[in-house]
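Chemist: Below is one structure. I have some questions about it.
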Amino acid sequence: MNLIIVESPAKARTIKNFLGKEYEVIASKGHIRDLPKSRFGIAIDEEKKEIIPTYSVAKENQPTVKEIKQKADKADTVYIATDEDREGEAIGWHIAYAIKRDPEELPRIVFHEITKTAINHALESARHIDMNMVNAQQARRLLDRIVGYKLSPLLSSKIQKGLSGGRVQSSTLKLIVDREREIKAFIPQEYWSIDTKFKTNIDANLVKFEGKKIEKLSIQNEEQAKSITQTIEKDDFTISKIETKQRKTSTPPPFMTSTLQQTASSKLGFSPKKTMMIAQSLYEGVRTPNGVSGVITYMRTDSLNIAKEAITAARETIKERFGDKYLPQKPKYYTKKAKGAQEAHEAIRPTMLDFTPEVAAQYLKADEAKLYRLIYERFLASQMADALFEQQSITFKGAHAEFKATGRKLLFDGFYKVMGTEDKDKLLPPLKEGEKAEIESIKPTQHFTEPPARYSEASLIKKMEAEGIGRPSTYAPTIATLMNRTYVTVEKKQLIPTEVAFTVIDILEKNFANIVDAQFTARMEEKLDEIAEGKIDWKELLLDFYKEFMQKIEDGKKNIVSLKTAKPIGRNCPECGSELLLRKGRFGEFIACSGFPKCKYTEQINEDGTTEPSKKEEELAGEKCEKCGSDMVIKQGRNGKFLACSAYPKCKNTKSIQSEQKTSNVPCPKCGGTLVWKQSRRGAFWGCENYPECKFISKFEPTTIKCKEEGCGGVLAKRTYRGKEVYECTDCKKRTPAEEIEGK
């Protein structure tokens with residue numbers, strides 16, 4: 001009997017289906033040996049330049065190890081068949097030690113897909129465990145343990161209990177915090193467009209005025225926009241140029257981990273974590289017409305390589321289903337320009353092209369079928385012919401201005417035959433150069449520049465990949481850790497850093513600049529790649545890092561000022577009943593629940609010393625948004641209060657709050673004091689400067705006109721009610737049409 005050891009029970013069941021009785025397949029259920037949970041587990045001897053990790057089998061894994069060892073003792077041959085990346089290589093090495101076998105003697109088999117052909121081929125071409133890959137994974141694990149085990153307690157002691165600091169986690173968090181800083185510091189700029197339509201029903205863009213090129217911010221105010229519009233209205237236009245060109249749209253490459261996660265997010269609404277869970281099941285084995293089998297290749301990869309036999313199969317399928325015109329003359333090969341594309345051998349693709357999405361829908365769960373269709377169609381499209389468009393351009397020229405209109409027409413759908421396209425043809429009517437063109441409508445429109453968008457999980461992964469932060473297997477877990485540690489929250493699919501995230505990054509930037517530096521993290525990933533290639537020694541890398549890092553830890557213990565006040569205030573949390581504590585944050589003192597992170601209740605401390613729950617209703621600013629007409633509300637940002645449109649995210653208009661205090665020319669009808677425009681939780685109002693001695697308030701600015709209602713004695717304030725101008729009493733609230741008051 002021969003024994004094959006894999007990680008996953010599902011993977012074990014699938015492989016067992018392909019093999020005869022002479023093979024037994026068992027799962028380790030992931031990592032069975034690791035650094036201890038309760039202590040550092042790394043011995044450092046700088047003099048001897050030695051680093052010794054202590055690995056142990058967790059209590060919950062001991063029954064699994066016992067079962068594997070019993071079966072291994074009875075087996076003729078024991079094969080290690082863990083995943084083909086570095087982590088899989090390291091898991092296999094740990095399994096060998098756990099069952100007391102020499103890891104360098106056990107045959108190691110790898111396969112990129114779990115199909116009968118792939119498994120049999122792997123058994124025929126077994127190799128030994130690659131110690132360079134194992135050492136690269138050991139280096140990653142020990143680096144993360146050093147940073148996490150030494151940095152997390154420091155953050156907890158200086159900021160608040162329960163914080164963590166990780167190597168990849170911290171540099172990723174800095175990306176999110178930096179983006180939020182950009183958003184908070186952003187000052188909207190006003191600009192205007194001249195929306196123009198010619199009588200041939202062509203929308204055109206103003207590209208030149210008085211010989212100068214018009215760009216986005218060229219027209220900066222209403223006066224300038226109106227002046228340009230008035231000049232253009234008097235202009236006579238002719239069609240000065242018509243251009244028609246053909247443009248190709250190239251086929252997309254097959255998926256790798258990052259692009260699969262991004263596309264599944266935008267098209268299916270899947271989180272990266274959900275995408276990887278579903279992809280894992282598709283890889284390890286699902287029901288098919290021929291029994292249980294893996295239907296996609298390995299899903300943790302940053303490679304765009306495709307096996308030659310897979311390309312051949314794709315080309316045969318394209319020719320058979322769509323005809324020769326959809327088949328390019330030569331196969332298409334893709335390469336990744338970025339460094340480090342070595343975690344796996346192939347891109348993500350279907351293993352059986354006859355298992356079409358239509359067939360798969362009868363066997364897979366709904367979400368599995370959706371993701372499988374995405375992978376299947378993307379792979380097939382990657383080997384199809386390019387799409388061909390006809391690009392059209394028309395230039396309208398007058399004495400003072402020049403407009404341009406563009407359109408396009410799909411001539412040949414190419415790979416869109418499989419993937420489909422949401423782009424609709426925007427065809428321009430047949431016109432001739434020299435023809436006169438009349439303007440049907442022209443209107444100046446106000447706009448404001450918008451801040452950069454917050455990261456979504458998908459766009460953050462794209463940024464992580466571009467910066468070289470992490471590898472395919474770490475993207476989704478890193479984001480999940482930031483959420484679990486309450487460093488970020490998710491609102492409408494946007495990642496928003498919490499207050500503590502800013503505090504942590506501020507401290508790390510000042511004291512551990514390399515830990516949050518994306519370039520440093522990327523260089524470390526490159527060094528791990530070099531370890532896997534046998535170019536550098538993993539222990540030297542760790543010792544160099546450890547010495548410098550620990551010096552910064554010691555400096556941090558002395559120099560970082562503690563933000564932990566944690567003084568009880570004698571009240572309990574209204575949400576969970578725990579004690580409320582006075583804490584310090586970036587914006588000063590605030591009140592927080594001692595049950596954090598389970599309870600996130602907080603209160604802000606106002607200038608007058610009063611407190612109120614931080615999660616309060618939005619304060620109305622008493623004015624309308626100049627972009628969409630919605631109410632403006634008062635928001636609290638890093639640099640103080642500002643105004644924002646209540647229709648966010650549809651309207652992203654913001655503006656600063658004027659520092660000048662607005663006062664009324666009308667004296668207070670109660671005491672004769674000055675009336676001041678104020679803001680409160682319930683909205684804006686006019687109030688007396690002599691508050692609290694005088695408590696006169698009015699939502700609308702009062703006049704000196706007295707109310708005629710018997711026994712009232714209040715004053716009238718002019719306002720709009722149901723589209724009409726009225727005068728409303730500040731006391732009895734009786735409304736009188738404006739014409740009746742102003743006509744007397």
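Chemist: Considering only residues that are basic (Lys, Arg), in contact with a Cys (Cβ under 8 Å, 6 or more places away or on another chain) and under 26 Å from Pro451 (Cα atoms), look in region 640-676 and name the one that is modelled with the highest pLDDT.
Modeler: Only one residue tops the list, namely Lys652.
Chemist: Select from region 282-310 the residues that are without any contact (Cβ under 8 Å) to a residue 60 or more places away in the chain and charged (D, E, K, R) and write down the one among them that is most open to solvent (accessible area, probe 1.4 Å).
Modeler: Taking the candidates together, the pick is Lys308.
Chemist: Between a residue in region 250-279 that is more than 26 Å from Lys332 (Cβ to Cβ) and any residue that is of a type outside the set (Ser, Thr, Tyr) and open to solvent by 10 Å² or more (accessible area, probe 1.4 Å), which pairs come within a Cβ distance under 7 Å, given they are 6 or more apart or on different chains?
Modeler: Ser271/Glu457; Pro272/Glu457; Pro272/Ala476; Lys273/Ala476; Lys273/Ala480; Met276/Ala476; Ile278/Asp367; Ile278/Glu368
Chemist: Follow-up. Take region 410-452 and flag every residue that is farther than 30 Å from Pro188 by Cβ, modelled with pLDDT of 90 or more and basic (Lys, Arg).
Modeler: Lys417, Lys432, Lys436, listed by residue number.
Chemist: Kindly indicate which of Pro497, Pro568 is exposed (fewer than 15 other Cβ atoms within 10 Å of the Cβ) and either out of contact with any Lys or Arg (no Cβ under 7 Å at 6 or more places or on another chain) or of a type in the set (A, V, I, L, M) (or both).
Modeler: The conditions single out Pro568.
Chemist: Filter region 203-259 for residues that are in contact with an Asp or Glu (Cβ under 7 Å, 6 or more places away or on another chain) and of a type in the set (D, E, K, R) and give the result.
Modeler: Passing the criteria: Lys208, Lys241, Lys248.
Chemist: Also, I was wondering about something else. Hey, can you tell me all the residues within region 236-262 that are within 28 Å of Glu433 (Cα to Cα) and open to solvent by 20 Å² or more (accessible area, probe 1.4 Å)?
Modeler: Of everything in region 236-262, those that are within 28 Å of Glu433 (Cα to Cα) and open to solvent by 20 Å² or more (accessible area, probe 1.4 Å) turn out to be Asp236, Thr238, Ser240, Lys241, Ile242, Glu243, Thr244, Lys245, Gln246, Arg247, Lys248.
Chemist: Can you pull out the residues in region 474-493 that are open to solvent by 40 Å² or more (accessible area, probe 1.4 Å) and either closer than 26 Å to Gln280 by Cα or in contact with a helix residue (DSSP H, G or I) (Cβ under 8 Å, 6 or more places away or on another chain) (or both)?
Modeler: Listed by number, the residues that qualify are Pro477, Thr481, Met483, Asn484, Arg485, Thr489, Val490, Lys493.
Chemist: Just wondering, is there one or more residues in region 447-460 that are closer than 26 Å to Lys652 by Cα, surrounded by 18 or more Cβ atoms within 10 Å (Cβ to Cβ) and among the charged types (D, E, K, R)?
Modeler: yes
Chemist: For region 370-417, how many residues are without any contact (Cβ under 8 Å) to a residue 60 or more places away in the chain and under 30 Å from Asp195 (Cβ atoms)?
Modeler: 4
Chemist: Still on this structure, please answer the following. Could you pull out the residue among Lys330, Lys336, Lys273 that is of a type in the set (Lys, Arg) and more than 33 Å from the chain's Cα centre (by Cα)?
Modeler: Answer to the check: Lys330.
Conditions tested, residue by residue: (1) farther than 14 Å from Lys670 by Cα; (2) among the small types (Gly, Ala, Ser); (3) out of contact with any Ser or Thr (no Cβ under 9 Å at 6 or more places or on another chain).
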residue	(1), (2), (3)
Phe700	yes, no, no
Thr704	no, no, yes
Cys712	no, no, yes
Ala717	yes, yes, no
Tyr727	yes, no, no
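Chemist: Among Gly637, Gly711, which is the only one that is modelled with pLDDT under 85 and on the phi > 0 side of the Ramachandran plot?
Modeler: On inspection, the qualifying residue turns out to be Gly711.
Chemist: In addition: Cβ-Cβ distance below 6 Å, separation of 6 or more or different chains: which pairs start in region 705-728 with a residue that is of a type in the set (Gly, Ala, Ser) and end on one that is outside any loop (DSSP other than H, G, I, E, B)?
Modeler: Note: pairs meeting the criteria are Gly714/Cys729; Ala717/Ser698; Ala717/Pro702; Ala717/Glu728.
Chemist: Any chance you could count how many residues in region 174-217 are of a type in the set (A, V, I, L, M, F, W, C), crowded, with 16+ Cβ neighbours inside 10 Å and closer than 30 Å to Glu491 by Cα?
Modeler: Residues that pass the stated criteria total 4.
Chemist: Now for a separate question. Can you tell me which of Ala136, Ala126 is of a type in the set (Gly, Ala, Ser) and open to solvent by 30 Å² or more (accessible area, probe 1.4 Å)?
Modeler: Ala126
Chemist: Pairs, please: C-beta under 8 Å, at least 6 apart or cross-chain, first residue more than 20 Å from Ile44 (Cα to Cα) and touching a residue at least 60 places away in the same chain (Cβ under 8 Å) and in region 521-548, second open to solvent by less than 30 Å² (accessible area, probe 1.4 Å) and among the hydroxyl-bearing types (Ser, Thr, Tyr)?
Modeler: Thr521/Ser171
Chemist: Enumerate the strands (runs of 3 or more DSSP E) found wholly within region 143-253, keeping only those where 3 or more residues are closer than 30 Å to Val418 by Cα.
Modeler: Counting at least 3 such residues, we get 237-249.
Chemist: Sort out which residues of region 348-381 are of a type in the set (Gly, Ala, Ser) and out of contact with any helix residue (DSSP H, G or I) (no Cβ under 8 Å at 6 or more places or on another chain), and write them in order of number.
Modeler: Hit for region 348-381 is Ala366, nothing else.
Chemist: Touching a residue at least 24 places away in the same chain (Cβ under 8 Å), touching a Ser or Thr at 6+ places or on another chain (Cβ under 6 Å) and not charged (D, E, K, R): does that describe Thr474?
Modeler: no
The values are calculated or read from the model by the stated rules, or taken from the named source; none is laboratory data. If you're wondering where the values come from, they're calculated on a predicted model, not measured in any experiment. Because the Cβ atoms are built from the backbone with ideal geometry, glycine has one as well, and the counts that use them run over all protein chains shown. For the accessible areas, the whole protein counts, side chains as well, though only heavy atoms, and no ligand, DNA or RNA atoms are used. Shrake-Rupley method; radii C 1.70, N 1.55, O 1.52, S 1.80 Å.
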